[in-house]
Amino acid sequence: MNQKVFVIFLVGPTACGKTKAAIELAKKINGEIISADSMQVYRKMDILSAKPTMKERQEVAHHLIDILEPTEEYSAALFREKALQYIEEIISRKKIPLIVGGTGLYVKALTKGLFSNNGKDEQLRKDLAKEAKHRGNDYLYERLKQVDPKAAEKIHSNDMRRVIRALEVYEISKRTISELKTEIEGLDKKYDFKIFAIERDRKELYRRIEERVDRMFEAGCLDEVKRLLGMKLSHTARQALGIKQISEYLDRRCSLDVAKQLIKRDSRRFAKRQLTWFRQDKGIIWISAGEMNSSGEIAAKVIDLLGFKTEKEKRI
């Protein structure tokens, strides 16, 4: 097949092997990596976020890593804005953008687009919530059916958060949320893209997660968290796995061993949520890493599925 300029995604749960496989893939296809990770953007959060090493970043160009202080907020909207800029720049260099990470919301924001109406009215929300409480959920739902029947078809009558949001958008913009959502632009408006996800046997994944947590402590994550807790962390940064658990240890509310076990448990739960998120996207191509012995094999499988020629093959 003719080789097109693709935007390639390599996603999956924590500790599945995305980082090393992505670096091997980028080398083979002349690509540059854009991180779709909500924590790797933060400076001073190297161990907790399992960033690529400096050596790995020298081998392949990485973007959206170490761009914010832990005191700053990050969001899907900011990720989308910056990722689109880097995609353009990478393509202009005749290279292939490779989006790598496990933050499903960020991947969706980039591929599907984001609802652009960010108008909020906290007082209006409170007033609508009071109406629901006094008059019942059905009263607000009937209002939604009158102003935006298409949205009402997709929202359950008891899902008051979404009902209130749809009514809020209508009151602020005088346009329905259904109408505004038709204006959302996904990545396919401009680029061809494919999403690959790495899948491992659950026991194997959990083993890798536990080994990663052990390595985090060996690498000095205790000192890293101490430094981070000395700052006024943003809401986003405070969500990093390990901060809450190690904070409890530092406050003498649990032992070090209990803190480790809590991080392992919460990491397993996080991986399960990531898998659930990605499995909802029927367009994702799953790659079973169970029978593959190296990151290079995973990269080769992606290339085979894409029908790409590697840089080495193109020179032959």
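Observations on the structure shown:
- Sequence-separation-based contact order of the chain, relative, with Cα cut under 8 Å and 6+ spacing, percent: 29 percent
- The packing ranking, built from the mean of other Cβ atoms within 10 Å per residue, places the peptides 89-101, 169-181 in the order 89-101, 169-181, highest first.
- Amide H contacts under 5 Å for F193, placed H, 5+ residues apart: V7
- The aspartates and glutamates within cross-link reach of K27, meaning a Cα-to-Cα straight distance under 17 Å and a gap of 8 or more places when in the same chain, are E56, E59, E297, D304, E311, E313.
- Cα centroid separation - the stretch 241-291 against the stretch 42-92, whole Å: 21 Å
- Residues whose placed amide H lies under 5 Å from that of I99, excluding near-sequence neighbours: I8, F9, L10, I34
- Between M231, M45, M216, the Gaussian network model of the chain with springs among Cα atoms under 10 angstrom shows the greatest mean-square fluctuation at M231.
- For the cross-link pairs K44/K108; K55/K226; K95/K272; K154/K264, the ones whose C-alpha atoms lie over 30 Å apart are K95/K272; K154/K264.
- Sorting the segments 123-135, 265-277 by their residues' average number of neighbouring beta-carbon atoms within 10 angstrom, most packed first, yields 265-277, 123-135.
- Placing pseudo-labels 7 Å out from each Cα toward the beta carbon at D214 and S173 gives an inter-label distance of 5.1 nm.
- Here the gap between R135 and K94, fully extended at 0.36 nm per residue and compared with their Cα-Cα distance, gives a gain of 8.8 nm.
- Potential extension, L229-K82 segment - 0.36 nm per residue separation minus Cα distance: 50.2 nm
- Taking θ as phi - 60° and the Karplus parameters 6.51, -1.76 and 1.60, the scalar couplings of the stretch 235-249 work out to 4, 5, 4, 5, 7, 4, 4, x, 5, 4, 5, 6, 4, 5, 5 Hz in sequence order, x denoting glycine and proline.
- A simple spin-label model places pseudo-atoms 7 Å from Cα toward Cβ; at D266 and S75 they are separated by 2.4 nm.
- Kirkwood Rh, Cα atoms: Rg over Rh of the chain: 1.01
- Placing +1 on the Cβ of every Lys and Arg and -1 on the Cβ of every Asp and Glu, with no other charges, gives the stretch 61-219 a dipole of roughly 440 debye about its Cα centre.
- Computed from the alpha carbon atoms alone, the convex hull of the stretch 122-181 holds 68 Å³ per residue.
- The stretch 1-129: radius of gyration and largest Cα-Cα distance (Dmax), Å: 16.6, 58
- Placing +1 on the Cβ of every Lys and Arg and -1 on the Cβ of every Asp and Glu, with nothing else charged, gives the chain a dipole about its Cα centre of roughly 300 debye.
- Here L305 and R57 are evaluated by their C-beta separation; at R0 = 22 Å the FRET efficiency comes out at 0.25.
- Listed by chain and number, the aspartates and glutamates whose alpha-carbon sits under 19 Å from that of K112, ignoring those within fewer than 8 places in the same chain, are D37, E81, E88, E179, E183, E185, D188, D192, D281.
- Note on K150: lysines with a C-alpha under 18 Å away, same-chain residues under 8 apart excluded, are K174, K181.
A short reminder: the numbers here are calculations on the coordinates, not readings from a lab. Source: prediction; values computed, not measured. In this analysis, Cβ positions are derived from the backbone assuming ideal geometry, glycine residues included, and neighbour counts consider all displayed protein chains.
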